[in-house]
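The numbers here are math on the coordinates, done by the rules we state, and not lab data. The model shown is predicted, which means the values in this text are computed figures rather than measured ones. No Cβ is skipped: glycine too gets one built from the backbone with ideal geometry, and neighbour counts run over all protein chains shown.
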Amino acid sequence: MNENLNPELPVENISDDVTNTETIEETTTTQPEITTEASVPKNQALTKEEIIEKLKNLSAQTEVPHRTEVEALKQAYYKLRSADIEAAKAAYLEAGNDAESFTPENDPSEDVVKTFLAEIKEKRAGQVANEERQKEENYNKKLQIIEGIKNLTESSEDFNKLYKEFKDLQQQWNEISLVPQAKVKELWKSYQIYSEKFYDLIKINNEFRDYDFKKNLELKKTLCESVEKLAEDADAVSAFHQLQNFHDQWREIGPVAKELREELWTRFKDASTAINKLYQSHFEGLKGKEEENLIQKTAICDALKAIDYSTLVSFKEWDEKSKEVIELQAKWKTIGFVPKKVNTQIFEEFRALCDTFFEKKSVFFKGIKEDMDSNLEKKRALCERAKALKDSVEWKKTAEELISIQKEWKTIGTVSRKYSDAIWKEFVSACDYFFEQKKKNDSSSKGEEVENLATKKEIIEKINNIEHSLEASEAIAKVRELSEEWHKIGFVPFKEKDKVYKEFHQAVDAHYDRLKMDKAERRMEAFKSNMKDISKHDNPRKVLYKERDYLSHQYNKLKSDLQTYENNISFLSISSKGANSLLKDVNHRIENLKNEMDLIAKKVEALDEKLKEME
């Protein structure tokens, strides 16, 4: 790296009195100030974790990372952090909380970021200290070189030896890079003075002089070509920084023939000027983009200012407007930086407008919350009344009361969306259940139900009158035949249903008890009877499937109990006291479990056959 990295070209000044050297005056210019945030490399696409990982890698590497890259990552992180805080605050306000009570939660990743930034800063400080120390050492070395050249001008030794020593000192000079900026110009002038004095005093012959001029001409032409090629680089910033290195190289190269100096210098200067213009245009373009961003962000603020709060009088209207505001916030985040001088002002205006919106929304929701809570309690009370009436058989009186309750429900205002669907479904279900039962009771089948009741009572009488003298098989067959007739008969009046059903089973059980019919078989007969009754429901498949699931669950439970008993029985010792009695008891339980499982399996099989018939 050279001592002078200035955007403008140094001026080449060749003394007419000196025939063997070339003097370049140092000019000090200032690099265009980059005040726009848009000059920072874009890291918006990175997540917090990716940014932290990059900072971690930068802090761990041997070389000190470029300040621009670190600053870009820092800004990208705090942009994400700011977005998180704004989103949390928006959610906090939307939940009905007070903006003044909002406090952002600490983000542990921020401490990690600060740690890596501090490490990089410390490393950069160390680098600067080393560079300053190195500059002082280089400065002293160059003073020694100048002193060496000065000694050569006063020496009377052989020319060839002196010339060789002079070239060695020039080489050493060129190999030394940074020196303190404040001493560059004075140091360079001293070097040039004694270099020129050496050429004058030694009176180097034309052969060596022409050789140096020719070599320097080739080097400077190469530099001109390199600089001209830089103008084709799409990255104006990179081209500008490369140009500074070429300036350093130009300054270190010796003179060329006097008649070529002006032409060569003009070529180099013109190529450099072209790159400087591209560099300036680049930042002017960024400023233009910032102005466009400012227009877009100003339009968003105008849209927020134009909100007519007097028209927002319902939940739906506030929710729709909230979606619009959130969309504007999302759009804001996609827009790049604006001119630095108005960046804080436009952001504060935007944030204040958003805060105003969500504060007004919070006031609206808070103002009607008490009414909604009161409405919810009223509707719950009506729901309880409806549920208490749904099983009533006082059809006319209850119907009138439920209709009155429904009218009262309509007069009550809205409740929170969180409870509205649930309380409505609960209320409607109770009302619907009653009116469905009333409809069944009021249907045209009333007369048929009375006839069915009489027919079922006749069948009960027939079962009771079965001759006891019949063979057991004949008597059971007769009972089953009459049971089949019973199940084919339709509904009976609702209030008589349980009574007649009880009478029927008492009549059937009386015969089964007399004939000592197997208990499992009797239970199976009762199950089939129940299954036939189920088939008359409005949705028999649903009821039958539910019964099948219940039986399957019972079967698996019995199977688990059976396995437990069978495992435990192997641990009983016959020789132990009371073991025989315990063993018999366990075996008895195992047998009962197996019988119960067999019965359940038969029930499931019967259910499957019935479901298959319904397909």
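Indicate the gyration tensor shape class of segment 130-204 (rounded, prolate or oblate), computed on the Cα atoms with a ≥ b ≥ c the square roots of the eigenvalues: a/c under 1.5 is rounded; otherwise a/b larger than b/c is prolate and the rest oblate.
prolate
Would you mind classifying segment 369-442 by shape? Square roots of the alpha carbon gyration tensor eigenvalues, ordered a ≥ b ≥ c; an a/c under 1.5 is rounded, otherwise it is prolate if a/b is larger than b/c and oblate if not. It comes out prolate by the Cα gyration axes.
Per-residue extension of 0.36 nm, minus the Cα-Cα distance of N106 and A129, leaves a gain of 4.7 nm for this segment.
Between segment 390-404 and segment 339-382, the alpha-carbon centres lie 45 Å apart.
All other residues with a Cβ under 12 Å from the Cβ of S190 taken together, and with Lys, Arg as +1 and Asp, Glu as -1, what is their net charge? Once positives and negatives cancel, what remains is +3. Given R0 = 25 Å, the distance between the Cβ atoms of F491 and E605 translates into a calculated FRET efficiency of 0.35.
Couplings for segment 170-175, taken from phi via the Karplus curve 6.51 cos²θ - 1.76 cosθ + 1.60 with θ = phi - 60°, read 4, 4, 4, 4, 5, 7 Hz in order; Gly and Pro are left as x. If you count Lys pairs in segment 35-105 whose Cα atoms are under 18 Å apart, skipping same-chain pairs closer than 8 places in sequence, the total is 10.
Residues of segment 287-323 with backbone nitrogen within less than 20 Å of a virtual label 7 Å along the Cα-to-Cβ line of Q345, please, listed as ranges. Those under the cut-off are 287-306.
Counting only aspartates and glutamates at least 8 places from K559 when in the same chain, those with an alpha carbon closer than 14 Å to its own are E591, E596, D598. Cα centroid separation, segment 178-193 to segment 466-500: 126 Å. Here the extension length gained between N57 and L143 equals 26.9 nm, from 0.36 nm per residue of separation less the Cα-Cα distance.
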